[in-house]
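*Asks:* Pasting a structure here, questions to come.
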């Protein structure tokens, strides 16, 4: 038990460290390629940090075959967008509030509204299709194909959208450490890419270790695989998005922070869902269906504020995040 708790916090430290290194590398890489904040946040950062929670269900479905493997896979697939739409929003809102108290930034959340609006519309549309069309007996292969095409369309609109360029260029961490020995300044694009890959590797290893420690602890309390995969595992695999966004929010780079989460929501509602639809029975009922409905409701609340008030309030983000706490109580209460 003591060893598991130590590993829990050690791997959490690795994830936090790699998140800072990743955000530094992705900013420098994006600026070097003259990419907009929307592309860097909603595509590069979002897909990059979505790798751990994308790998987890695929391993469960393809390598741990059978009912238990399917349950873990489906739980992880549904858990990712649920965590992003609730817990990630909550953490961003709390980060703005804490930063404001510490006089690090204003209480106004200044993400690019068109970028967030586009991401949320795609998420709500794609995720609703992935959840409800199979329930309405739409052929699974058609739904999966529709989701993949939907993400390709999303990429097209994101690259074509108007967005501010990255205006903050920090010194690459590799340059700070090894600039005297290597020509990093001359090949900044290449070394920023190397730093991103290194950070992702540490991030994935940290998330894997975090999940293993959590799994051992959860088994001691008698939690079943579906509960673990839906409620607990995504907390670890979604930590990269959350802490990358915390880092950017503290620095006042709200478009990158929010795009990192909403872009991952679009990705997680398309590609992983299509894998689940094709390779499992995809029978979404009970608590699994409730998690999907709460994720959609959380996204709808934020989109509603954007539509009516033309802004995003940190209070609204905290409110959306409260759905995770309500869901956790509903699931854990029987135990």
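The values are calculated or read from the model by the stated rules, or taken from the named source; none is laboratory data. Everything quoted here is computed from the prediction, not taken from an experiment. Because the Cβ atoms are built from the backbone with ideal geometry, glycine has one as well, and the counts that use them run over all protein chains shown.
*Asks:* Restricting to helices (runs of 4 or more DSSP H) lying wholly in segment 195-310: which have 3 or more residues that are modelled with pLDDT of 90 or more?
*Replies:* Fully inside segment 195-310 and qualifying: 254-268, 271-279, 286-309.
*Asks:* In segment 119-133, how many residues are without any contact (Cβ under 8 Å) to a residue 40 or more places away in the chain and within 9 Å of residue 154 (Cβ to Cβ)?
*Replies:* Summing the residues that are without any contact (Cβ under 8 Å) to a residue 40 or more places away in the chain and within 9 Å of residue 154 (Cβ to Cβ) in segment 119-133 gives 0.
*Asks:* Could you please let me know if residue 98 is free of Cβ contacts under 8 Å to residues at least 40 places away in the same chain and either more than 30 Å from residue 318 (Cα to Cα) or touching a strand residue (DSSP E or B) at 6+ places or on another chain (Cβ under 8 Å) (or both)?
*Replies:* No; evaluated as a whole, the condition is false for this residue.
*Asks:* Then there is this: Give me the helices (runs of 4 or more DSSP H) completely within segment 8-110, filtered to those with at least 1 residues that are modelled with pLDDT of 75 or more, within 21 Å of the chain's Cα centre (by Cα) and under 30 Å from residue 305 (Cα atoms), ordered by residue number.
*Replies:* Counting at least 1 such residues, we get 67-83, 89-101.
*Asks:* Tally the residues that are over 20 Å from residue 283 (Cβ atoms) and not in a helix (DSSP H, G or I), restricting the search to segment 111-147.
*Replies:* Of the residues in segment 111-147, 2 are over 20 Å from residue 283 (Cβ atoms) and not in a helix (DSSP H, G or I).
*Asks:* Another question, then. Regarding segment 315-334, can at least one residue be identified that is in contact with a strand residue (DSSP E or B) (Cβ under 7 Å, 6 or more places away or on another chain), in contact (Cβ under 8 Å) with a residue 60 or more places away in the chain, in a helix (DSSP H, G or I) and buried (at least 16 other Cβ atoms within 10 Å of the Cβ)?
*Replies:* Checked against the condition, which is being in contact with a strand residue (DSSP E or B) (Cβ under 7 Å, 6 or more places away or on another chain), in contact (Cβ under 8 Å) with a residue 60 or more places away in the chain, in a helix (DSSP H, G or I) and buried (at least 16 other Cβ atoms within 10 Å of the Cβ), segment 315-334 yields no hits at all.
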